[in-house]
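First comes the structure, then the notes that go with it.
The values are calculated or read from the model by the stated rules, or taken from the named source; none is laboratory data. Computed from a predicted structure; not experimentally measured. FYI the Cβ positions are ideal-geometry reconstructions off the backbone, even for glycines, and counts take in every protein chain you see. Calculation scope for accessible area: heavy atoms of the full protein, side chains included, ligands and nucleic acids excluded. Shrake-Rupley method; radii C 1.70, N 1.55, O 1.52, S 1.80 Å.
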Amino acid sequence: MPHHPIDEKHIFDEDEVITPPKRGAWKMMLPVLALLIIIGVLANHYHWDTKTTTVGALLVGFYTGLVGWLLGVITLVPIIGPILVKILTMSFIWLLNAVGYLVSYIAIKRGYSKDVISYRSVTIALLVGIVIGFVIGHLL
């Protein structure tokens, strides 16, 4: 097995090549983020279909890596940043919110729209309480 000097292309083994982190990603991500914000403002102003706009923005965000980059930028904030990213990626929060939307949809279809408003307020308060408790628990 020939010996290679340590460089960017051969960090560990000849078989396993590990590429170094991509530098300067912000030069691509900031224009993409600005474009998505402009499209969102235009979509709101011209009353485009909200679901289509949201799905399009999410697909562009995931395809370009914008979501991961934004989570990385949030992580750079000392102490609070890593905790917020951990909360944002908790599957329990996503599951609880998805169940809330499903119950809201069913309740609105059955005519309980005023009850849904109070229910969603309680759900949001619960989620905010869980997040605050998680942050305080990790800081102490």
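Contact map, region 49-69: residues that are under 12 Å from residue 32 (Cα atoms) paired with residues that are outside any helix (DSSP H, G or I), Cβ distance under 8 Å, separation 6+ or inter-chain. Pairs shown: 65/25; 69/25.
Condition first: surrounded by 10 or more Cβ atoms within 10 Å (Cβ to Cβ) and hydrophobic (A, V, I, L, M, F, W, C). Now tell me which residues in region 123-140 satisfy that. Step through it out loud before you land on a result.
Step one: filter region 123-140 for residues surrounded by 10 or more Cβ atoms within 10 Å (Cβ to Cβ), giving 123-136, 138.
Listed by number, the residues that qualify are 124, 125, 126, 127, 128, 130, 131, 132, 134, 135, 136.
The residues of region 22-40 that are open to solvent by 90 Å² or more (accessible area, probe 1.4 Å) and either over 16 Å from residue 71 (Cβ atoms) or in a loop (DSSP other than H, G, I, E, B) (or both), listed by number, are 22, 23, 27, 35, 37, 38. For region 100-140, a residue qualifies if it is part of a helix (DSSP H, G or I), among the hydrophobic types (A, V, I, L, M, F, W, C) and within 21 Å of residue 84 (Cα to Cα), and the qualifying residues are 124, 125, 126, 127, 128, 130, 131, 132, 134, 135, 136, 139. At pLDDT below 80, part of a helix (DSSP H, G or I) and open to solvent by less than 90 Å² (accessible area, probe 1.4 Å): is that true of residue 92 in this structure? Taking the combined requirement at face value, the residue does not satisfy it. Residue 47 meets each of the listed conditions (1) outside any helix (DSSP H, G or I); (2) at pLDDT 85 or above; (3) surrounded by 10 or more Cβ atoms within 10 Å (Cβ to Cβ) apart from (3).
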